[in-house]
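See below for the structure under consideration.
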Amino acid sequence: MSDTSSEPRAVAAGLPAALSGVEPVLITTSGSTGVPKTVVLSPAALRASASATAARIGEGAWLLALPVTYVAGLQVLVRAHLAGTSPAYLDGPFTPDAFVAATHEMPVSAARYTSLVPAQLATLVAAAETEPGVRDAVRSFEALLIGGQALPVPLRERADALGVRVVRTYGSTETSGGCVYDGVPLDGVDVRVMGGELVIAGPTLADGYLGDDALTAAAFPVDRDGIRRYRTGDTGAVEDGVVRVTGRRDNVIVSGGINVSLDRVEAVVRGVGGLEHAVVIGVADERWGEASVIVVESIEGGDGAALLEAARAAVAGAIGPAARPSRLVRRPVPHLPSGKLDREALRRAIREE
């Protein structure tokens with residue numbers, strides 16, 4: 001999940017000119033749930049995001065542990081540049097030992113920061129629970145920004161128990177990275193609900209999609225007040241200034257004529273002991289039209305039937321009988337280079353099986 005080439009250093013060297021110019025930065029999205037798109041980000045948007053982050057969590061030294069081809073990795077370099085510091089680099093595959101080694105290259109006098117995805121945090125937490133060196137390293141950070149996908153509650157609780165300072169971030173490439181920290185939008189960012197969908201406005205928005213004016217217009221509409229907003233595709237709520245994301249508008253199946261949010265099903269399933277890291281996807285079903293399937297890489301104790309029944313009971317109680325998963329599958333779960341779950345690849349694999 002880290003970039004092992006010299007590219008991060010080359011990108012960092014070119015940042016001063018890039019951020020002071022007018023030429024946009026192009027980032028191709030991961031395509032974890034659909035077709036990849038090339039997002040056009042202006043230097044002004046990147047600077048606005050980095051400055052708002054510094055205002056929220058402070059400035060200091062940054063560790064790059066993500067590819068710079070993703071906005072979260074690029075923003076680490078931008079934040080370090082604006083803070084007047086040189087980033088540390090995690091070379092090679094992401095491992096606890098590599099993380100510790102990179103941490104030792106960081107100045108001890110400055111506050112430490114990094115951005116990770118949940119899978120990376122899980123790797124560090126598991127090691128920190130038994131290895132004092134890893135525990136000391138992760139505790140030395142003022143904040144670990146965790147984004148890219150939802151942070152499982154059990155993982156957050158384990159990190160808290162270790163004294164790790166985690167900040168949940170919400171955003172996308174179209175918003176220059178995370179623009180909501182622990183549920184609270186960054187300064188200058190406006191998040192509201194329109195038609196059940198979370199929409200975002202502010203100086204961190206991308207210019208649009210390269211070579212696709214129609215998609216740009218659909219994703220970044222201008223409202224009646226002349227305010228340009230980004231349609232996230234996420235459902236959620238904003239209550240007392242706190243943003244709560246409930247799922248994806250397009251991650252829904254119709255089972256027996258009833259709309260079922262797979263995000264809600266997955267959240268309930270992950271609350272069942274032994275299924276904390278389960279993934280729920282939709283598949284075709286001869287009887288119901290569509291149904292959900294639980295995918296896990298391993299089954300503790302080997303009793304998959306019992307886990308499936310426990311999950312079905314939990315989902316029926318929390319959402320309704322129509323949302324109950326039809327089966328449980330044990331297989332490897334694919335991830336993108338960014339560390340995010342590759343749901344599209346997983347759906348294809350299950351369909352083929």
> How are the C-alpha pair distances of the stretch 149-244 spread across 10 Å bins, as whole percents from the shortest bin up?
Replying inline: 15, 44, 28, 11, 3
> Most exposed first by the Cβ proxy, i.e. fewest other Cβ within 10 Å, how do S292, S298 rank?
Replying inline: S298, S292
> What residues from the stretch 312-340 fall in the zone where the backbone N is under 17 Å from a label point 7 Å along the Cα-to-C-beta line of D285?
Replying inline: 312-329
> In what order do W288, W62 fall by count of nearby beta-carbon atoms within 10 Å, going from fewest to most?
Replying inline: W288, W62
> Can you run phi through the Karplus equation (6.51, -1.76, 1.60; θ = phi - 60°) for the stretch 315-323 and list ³J(HN,Hα) in whole Hz, with x for Gly and Pro?
Replying inline: 5, 4, x, 8, 10, x, x, 5, 8
>> Rounded to the nearest angstrom and ordered from largest down, what semi-axes does the equivalent ellipsoid of the stretch 1-144 get from its C-alpha gyration tensor (root of 5λ)?
In response: 26, 18, 13
> Check A88: other-chain or 5+ apart residues with amide H under 5 Å from its amide H, H built from backbone geometry?
Replying inline: W62, L63, L64
> Which FRET efficiency value, to the nearest 0.05, do you get for E197 and E23 by plugging their Cβ-Cβ distance into 1/(1 + (r/R0)^6) with R0 = 22 Å?
Replying inline: 0.10
>> Out of all Cα-Cα pairs in the chain, roughly what percent, to the nearest whole number, are more than 40 Å apart?
In response: 13
> R248 versus S6, label points 7 Å from Cα toward the beta carbon: distance in nm?
Replying inline: 3.8
>> With just the Cα atoms defining each centre, how far is the stretch 261-280 from the stretch 165-189? Give it in Å.
In response: 24
> Is the shape of the stretch 251-352 rounded, prolate or oblate, going by the alpha carbon gyration tensor and its root eigenvalues a ≥ b ≥ c, with a/c under 1.5 for rounded and a/b larger than b/c for prolate?
Replying inline: oblate
> By counting other Cβ atoms within 10 Å of each Cβ, how are H335, H104 ranked from fewest to most?
Replying inline: H104, H335
>> Under the rule of at least 5 residues apart or a separate chain, name every residue whose amide H is placed under 5 Å from the amide H of G208.
In response: V40
> Could you give the angle, 0 to 90 degrees to the nearest 10, between helix 43-57's Cα long axis and the longest principal axis of the Cα atoms of the chain?
Replying inline: 80
> Can you give me the relative contact order of the chain as a percent, contacts being Cα pairs under 8 Å and 6 or more apart?
Replying inline: 14
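Only the coordinates and a few stated rules stand behind these numbers; no lab work does. Computed from a prediction, not measured in an experiment: that's the story for all the values here. Cβ coordinates were reconstructed from backbone atoms using ideal geometry, including for glycine residues, and neighbour counts include every protein chain displayed.
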